[in-house]
Each structure stands twice: as structure tokens, then as C-alpha cells.
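Heads up, the thing below is written out as C-alpha cells.
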Amino acid sequence: QSSIPSGGHQPSHAVLSGADFMLVSHLLSGSIGIFNIQASKGFAGRPQLMTQVALPDRRPPVESLLPPPPAWLLATPLRLLVRDASKFVAPADGELAPMAHGLALAPDGDSLVACDIGQGVLVSYPFEQGRLGNPISYPTPAPPATGGLGSALVAAAGGHRPKSACFSPDGRKLFVL
């Protein structure tokens, strides 16, 4: 019935961790917002944004082609020409940048996997009491996969930009689109 800020730019997926937490991925800002929904007694009140975690950035540092502008330039009306670092700038088309899409919470609730379609990795986090631990990134190469489906032979290649994921009910397998 009411809207709340999601904690990032372009929310793309949400998962619930029991009745206590909601995790929201943000495509353009490459982040995960964690909300305490227990404090709002379900969704009757307003979930509270506890924290926002940025996906690890695997991009090499970009070296500036131009020297930084002199201080006097920043104090003039020409400062509008200088990019304001406090404003959000979406990744450019084709830029290798963190872009969080799908989220998968393990059945035991102890770990979260985020699909980073911008960098082509799966990012795994330990999850405990509404906090994400240190991330581990797993590249998603494109090995060919073969198998049978009834009488049909299925041959496909895994993608290099994971979009969505889910755990098997026993938590022993992770399925990635």
C-alpha cells in the first residue's frame, strides 16, 4: 500500500529470509539492500533499510586522461562541466561494471548468491542475522553442457552473464540462468 526507497538504482529482484529480512538487488547501482521487515510487523508497517552492500568491483582502475581541474575552475560557473561525483552515473553500454540482478538464498538461510550480469560472476556471501559477510566471486565460464530430456538430446552452452539463480530444495545444487 505504500512505497519505500529500495536503497539503490533500478531494483531488479527481491528474496525473503524468513519473516525477518528482505534482500533487494539493484541492477544499475550494483548493490544489495537489506531490509528489516520484522520491525514493521510484516508489511503492515514500513520495512526499514538496514544496510546497502556494493558488489565487489573487478574492473581495473581507470587512469584519468586529463589532469584534475584546478581549484579555481571548480569555484566558477564552469564547474557544471565537471562531473559531480556525488551524483549517480549508470554504467555505460558495454562497460564492465557490477550489476546485481538475481538473488538466491540457500534453504538453510546461511548464504546468499547474487548474479552479477555486468561482470559475469556469481557472488557468494555468508548471511547471518541480516548481515552479509565477505564476498567470494565465481566467474561463470561457458562450458558446453549436454544431457538427455526424454528422447531428445540437449546440448547448450552456459552463458557468461548470469541473470537468475535458485538452490535445489536440499541446498546441494545451484541452478543458474
What is the one condition in (1) at pLDDT 65 or above; (2) open to solvent by 40 Å² or more (accessible area, probe 1.4 Å) that residue 7 does not satisfy? (2)
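Of the residues that sit in region 123-138 and are at pLDDT below 90 and touching a strand residue (DSSP E or B) at 6+ places or on another chain (Cβ under 7 Å), which one is most open to solvent (accessible area, probe 1.4 Å)?
138
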For region 95-108, which residues satisfy the criterion of being open to solvent by 10 Å² or more (accessible area, probe 1.4 Å), farther than 18 Å from residue 134 by Cβ and assigned to a loop (DSSP other than H, G, I, E, B)? 95, 96, 99, 107, 108
Would you mention how many residues in region 17-43 are open to solvent by 10 Å² or more (accessible area, probe 1.4 Å), in a strand (DSSP E or B) and either at pLDDT below 85 or in contact with a Lys or Arg (Cβ under 9 Å, 6 or more places away or on another chain) (or both)? 0
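The values are calculated or read from the model by the stated rules, or taken from the named source; none is laboratory data. Predicted, not measured: the structure shown is a model, and the values here were computed from it. Methodologically, a virtual Cβ is constructed for each residue, glycine included, from the backbone with ideal geometry; neighbour enumeration extends over all protein chains shown. With ligands, DNA and RNA removed, areas are computed over all heavy atoms of the protein, side chains included. Shrake-Rupley method; radii C 1.70, N 1.55, O 1.52, S 1.80 Å.
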